[in-house]
């Protein structure tokens, strides 16, 4: 293969690598979004539980009743 052939091959391989990296970034964003949504759902369940909810109400109530 001559020099021009190697150059064309190299440019095609670089183009393929760039395309695959773009797809990976999209997949990584999708996985990150799903993980963030799952984490938010877990936090929501924890905060809505009875004991945590009462503790938060107590803290907020004490903060509002504080004198300055």
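Could you please let me know if residue 56 is at pLDDT 85 or above and over 20 Å from the mean Cα position of the chain (by Cα)?
Yes: the conditions hold for residue 56.
Is at least one residue of the range 1-22 surrounded by fewer than 10 Cβ atoms within 10 Å (Cβ to Cβ), touching a helix residue (DSSP H, G or I) at 6+ places or on another chain (Cβ under 9 Å) and either modelled with pLDDT under 90 or not in a helix (DSSP H, G or I) (or both)?
Checked the range 1-22: at least one residue is surrounded by fewer than 10 Cβ atoms within 10 Å (Cβ to Cβ), touching a helix residue (DSSP H, G or I) at 6+ places or on another chain (Cβ under 9 Å) and either modelled with pLDDT under 90 or not in a helix (DSSP H, G or I) (or both).
The values are calculated or read from the model by the stated rules, or taken from the named source; none is laboratory data. Treat the numbers as computed from the prediction; the structure is a model and nothing was measured. Using ideal geometry, Cβ is built from the backbone for each residue, glycine included, and neighbour counts are taken over all protein chains shown.
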